[in-house]
Amino acid sequence: MSGDTSAYPAIVLGGSGYVAGEFLRLIDAHPRLALGGVVSTSQAGEPVAKTFAHLAPAYPDELFVSADAVTDRLGSAPHWLVLSGAPHGASAQLIEKLLGAAGAAGVAMTVVDASADFRFADANAWAKVYGHEHATPHLLPEFTCAVPEHLASIDTPHAAHPGCFATTMLLGLVPLAALGLATEFHVSAITGSTGAGRTPRETTHHPVRQNNLFAYQALKHRHDPEVRALVRAATGRDVDLKFVPHSGPFARGIHATIFARALERVTQDQVVEALTEFYRGSTFVKVQTEPPRVKDIATTNYSALHALVDGDTIVVCSVLDNLLKGAAGGSIQWANRLLGLPESLGLTAPAPGWF
């Protein structure tokens, strides 16, 4: 890839959703990606700018297309990127279709899935969480799921990004587990309304959400088994996790407070140094001396950690943007790595600060 400045055409799946909208925004700003098509079953033929008015300057004439229509374009470039923001359960079948079409056209294809369809390595584990059989179990060995900072390399051609709550928790849990500091965790986390997706529902309706805060799926959220499986994959250690998610009265961002029982006595300075060393060289994970604030992180691919210790209790605050570091931005990190590009390419814009 040295010296090559050509752009990879990127196909976005689940094109009318919030994560897809962020994929489109990131592709427009990325020096080595170009939009190759936006797939939306419900909006095929409609202007992208009609759904995403804020993206009209970038895509004034782009139309949503069907999956069949986008496969007709594959012969126009030798290597394609697929970024999936399609719904859980639908993403795997769309990816299977595109991979088959790429094989038939004799072109290379790299896939990064932001849905839940490739987050479990085992089809039975996936079915237990989602309540039905996996649509493409034969493709599971072709995907690795992890937070990019937690695996130096992968040996699969494609990647899956953990969920937004999962990513927020994993940023704190994985180093503590990997370093043998703790294996028992309790997490309380608050997410913005964009985490519930574009389709309105009772708990995301503005009169319910504004000036409100409430827990949901306490101790039974689907990210619980996902997080435990990904901690094991990243560290080789089993952890115990109790997770209570909350809906917050803001649009984007997640703030998680992680409580851990220290396996041996440690000081706050020791934990801060351990986290700092673990993420040394990571562009998008910063260990701060002060508690992180959502507004300083939201709309960026950056994340922030802050640690406290009192006796045998370790507390880590973890903050990120659910749509970027927790979905589209983290997925572009994987895409950059799989394509042999610098991992931070196209992702380093800071937060606006006032929004």
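Loop-located trypsin sites (Lys or Arg not before Pro) in region 289-332 (DSSP state not H, G, I, E or B) with no more than 15 neighbouring Cβ atoms inside 10 Å: 293.
Taking amide H atoms as placed 1.01 Å from N in the peptide plane, the amide H of residue 82 lies under 5 Å from those of 11, 110, 111, 112, each 5 or more residues away in sequence or on another chain.
Per residue, the convex hull spanned by the alpha carbons of region 120-217 comes to 154 Å³. Amide H to amide H distances under 5 Å link residue 33 with 8, where only residues 5 or more positions off or on other chains count and H is placed in the peptide plane.
Considering all different alpha carbon pairs of the chain, the Kirkwood hydrodynamic radius works out to 20.7 Å.
Under 26 Å Cα to Cα from residue 242, which lysines show up? Leave out anything in the same chain fewer than 8 places away. Within the straight-line cut-off, residue 242 pairs with 128, 220, 286, 325. Projected label points at residue 104 and residue 265, each 7 Å from Cα along the beta carbon direction, are separated by 6.8 nanometres. Using a cut-off of 20 Å between alpha-carbon atoms, which aspartates and glutamates can reach residue 97, once sequence neighbours fewer than 8 places away in the same chain are excluded? Cross-link targets: 68, 72, 113, 117, 133, 142.
Quick note: the coordinates plus some simple rules give every number you see, no bench work behind them. None of the values given here were measured: they were computed from a predicted structure. FYI the Cβ positions are ideal-geometry reconstructions off the backbone, even for glycines, and counts take in every protein chain you see.
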